[in-house]
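Novice: Mind looking over this structure? Questions follow.
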């Protein structure tokens, strides 16, 4: 056995190491920060585009097919392919490349759930609102959207959790938040502690954001609790 | 030369297709990895889902499992599994992808058997069918549309995520993109774009073919009402 093999075998490489976390806390926090920022920006942008699209699909039935199909195709295109389309055009070292891909990917989940939520608004409630003199916009803002809120929030939750997992893809161009740790650890001579730290934080972040959105939903839709 | 042109040039060079590690090699790897992952997923998820639904248990477990796997980044499993006792090579990649194929397969198998009308089930029981006969002759045939839908969702998703195997040098069409990024967009922008086109086309092709398959194996009366409603909506819109 050569000296090099010996050195490699004896170097400890645990799956988890507090020492690694202590000595690299600033790198880890930076990665976490990048991850949270990318997720928040992506979901916010996707919501700004997707909720109005859901409303358009709800108002103009013939458009609902094309809107769902287009966002479905975008969703089917593998994230890596999206990155490959966007990065050469936008810039391979910019987090914008990752962001655009994440937004396109999150669209379908939010559009579909917004539309489903709006479609669940009972017909007689709509009739009552119209009978009370609500116009199209005021009915949307005061009746339809509030009643569709559970659906919209489901869409936002699904989009957030899958975006958190998807941000890691950006690690390929060094803009993947915690994905940088996961891939970095793999490339850095299979440094297990770095990989698991990134992975665990990523899953935890997904769960925390999910719980946060569930909590927000409960506050915003008190009537769903009373019904149960 | 802009990126689109160089992507076109890349795709038009026959050597890029036939060289070792060329497009055809990568396509073969991609299909082998995807098919194996889906096969493993099927073998585990279908019997489990059907059994859970038949015995009426475990609905909560399935929801929990889907939620959890949604939160786990694919590349976490792709990087962790080769470093475990499984070792390097294709097996860890295939297992990682199979893990993500299981939730849609499981959920659809479960829903497919659960949605069978209670009255239909009672009638079959009343005719003297045993538990296994009920499963084989009534529940499974009625669950076929759901099984097909789950198969389609899982397969398309696996074909798409197999591209990520390239992050750990695991082969597949994604490798073309990852190698391109390794060379840099200035040099290999065309290669990156060409790889992206190939990966996207393969995923869309898989989606199209499997959607057709799903339609063929689903008897007309069992096709989801949602689609009939969609068609009606489109029809009234056109009129």
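The values are calculated or read from the model by the stated rules, or taken from the named source; none is laboratory data. Just so it is clear, the structure is predicted and the values come from calculations on it, not from any experiment. Cβ coordinates were reconstructed from backbone atoms using ideal geometry, including for glycine residues, and neighbour counts include every protein chain displayed.
Novice: Pairs, please: C-beta under 9 Å, at least 6 apart or cross-chain, first residue more than 14 Å from chain A (Cβ to nearest Cβ) and in the range B:52-70, second in a loop (DSSP other than H, G, I, E, B) and surrounded by 14 or more Cβ atoms within 10 Å (Cβ to Cβ)?
Specialist: As it stands, the answer is B:52/B:58; B:53/B:116, since those pairs meet every condition given.
Novice: Could you identify the single residue in B:130, B:155 that is out of contact with any helix residue (DSSP H, G or I) (no Cβ under 7 Å at 6 or more places or on another chain) and either free of Cβ contacts under 8 Å to residues at least 24 places away in the same chain or surrounded by 23 or more Cβ atoms within 10 Å (Cβ to Cβ) (or both)?
Specialist: B:130
Novice: For the range B:190-208, give me each residue that is more than 7 Å from chain A (Cβ to nearest Cβ) and more than 20 Å from residue B:13 (Cα to Cα).
Specialist: Answer for the range B:190-208, where residues must be more than 7 Å from chain A (Cβ to nearest Cβ) and more than 20 Å from residue B:13 (Cα to Cα): B:205, B:206, B:208.
Novice: I've got another one for you. Residue check, residue A:207 against (1) within 13 Å of chain B (Cβ to nearest Cβ); (2) touching a residue at least 60 places away in the same chain (Cβ under 8 Å), all met but one. Which one?
Specialist: Tallying (1) within 13 Å of chain B (Cβ to nearest Cβ); (2) touching a residue at least 60 places away in the same chain (Cβ under 8 Å), residue A:207 fails exactly one: (2).
Novice: Could you list, in sequence order, all residues of the range A:175-199 that are in contact (Cβ under 8 Å) with a residue 24 or more places away in the chain and surrounded by fewer than 18 Cβ atoms within 10 Å (Cβ to Cβ)?
Specialist: A:190
Novice: Please tell me if residue A:147 is in contact with a helix residue (DSSP H, G or I) (Cβ under 8 Å, 6 or more places away or on another chain) and either free of Cβ contacts under 8 Å to residues at least 60 places away in the same chain or farther than 26 Å from residue A:46 by Cα (or both).
Specialist: Considered against the rule, which asks whether it is in contact with a helix residue (DSSP H, G or I) (Cβ under 8 Å, 6 or more places away or on another chain) and either free of Cβ contacts under 8 Å to residues at least 60 places away in the same chain or farther than 26 Å from residue A:46 by Cα (or both), residue A:147 comes out as yes.
Novice: Sticking with this one: Counting just the residues of the range A:175-197 that are more than 7 Å from chain B (Cβ to nearest Cβ) and closer than 14 Å to residue A:38 by Cα, which one comes out farthest from the chain's Cα centre (by Cα)?
Specialist: Selected residue: A:180.
Novice: Kindly indicate which of B:189, B:172 is over 16 Å from residue A:75 (Cα atoms), outside any helix (DSSP H, G or I) and in contact (Cβ under 8 Å) with a residue 60 or more places away in the chain.
Specialist: Selected residue: B:172, the only one of B:189, B:172 that is over 16 Å from residue A:75 (Cα atoms), outside any helix (DSSP H, G or I) and in contact (Cβ under 8 Å) with a residue 60 or more places away in the chain.
Novice: Additional query: Read through the list (1) surrounded by fewer than 14 Cβ atoms within 10 Å (Cβ to Cβ); (2) at pLDDT below 90, then give the number of the only condition that residue B:234 fails.
Specialist: Residue B:234 satisfies all of (1) surrounded by fewer than 14 Cβ atoms within 10 Å (Cβ to Cβ); (2) at pLDDT below 90 except (1).
Novice: Can you confirm whether residue A:172 is surrounded by 23 or more Cβ atoms within 10 Å (Cβ to Cβ) and either modelled with pLDDT under 90 or within 14 Å of chain B (Cβ to nearest Cβ) (or both)?
Specialist: So residue A:172 fits the description; yes.
Novice: Looking at (1) within 12 Å of another protein chain (Cβ to nearest Cβ); (2) more than 24 Å from residue A:79 (Cβ to Cβ), can you tell me which one residue B:4 breaks?
Specialist: All conditions are met except number (2).
Novice: If you don't mind, there's one more thing I want to ask. Considering only residues that are at the interface with chain A (Cβ under 8 Å from one of its Cβ atoms) and more than 30 Å from residue B:45 (Cα to Cα), which ones fall in the range B:151-189?
Specialist: B:177, B:178, B:180, B:181, B:184, B:185, B:189
Novice: From the list A:87, A:106, pick out the single residue that is within 11 Å of chain B (Cβ to nearest Cβ) and surrounded by 22 or more Cβ atoms within 10 Å (Cβ to Cβ).
Specialist: A:87
Novice: Somewhere in the range A:117-136, is a residue under 14 Å from the mean Cα position of the chain (by Cα), surrounded by fewer than 24 Cβ atoms within 10 Å (Cβ to Cβ) and within 13 Å of chain B (Cβ to nearest Cβ)?
Specialist: no
Novice: Would you mind telling me which numbered condition in (1) within 27 Å of residue B:50 (Cα to Cα); (2) in contact with a helix residue (DSSP H, G or I) (Cβ under 9 Å, 6 or more places away or on another chain); (3) assigned to a helix (DSSP H, G or I) residue B:122 fails?
Specialist: (2)
Novice: While we're looking at this one, here's another question. For the range A:83-100, give me each residue that is touching a residue at least 40 places away in the same chain (Cβ under 8 Å), under 19 Å from residue B:184 (Cα atoms) and in a helix (DSSP H, G or I).
Specialist: Within the range A:83-100, A:83, A:87, A:95, A:97, A:98 qualify.
Novice: For the range A:59-82, indicate whether the set of residues that are over 30 Å from residue B:162 (Cα atoms) and either surrounded by 15 or more Cβ atoms within 10 Å (Cβ to Cβ) or touching a residue at least 60 places away in the same chain (Cβ under 8 Å) (or both) is non-empty.
Specialist: yes
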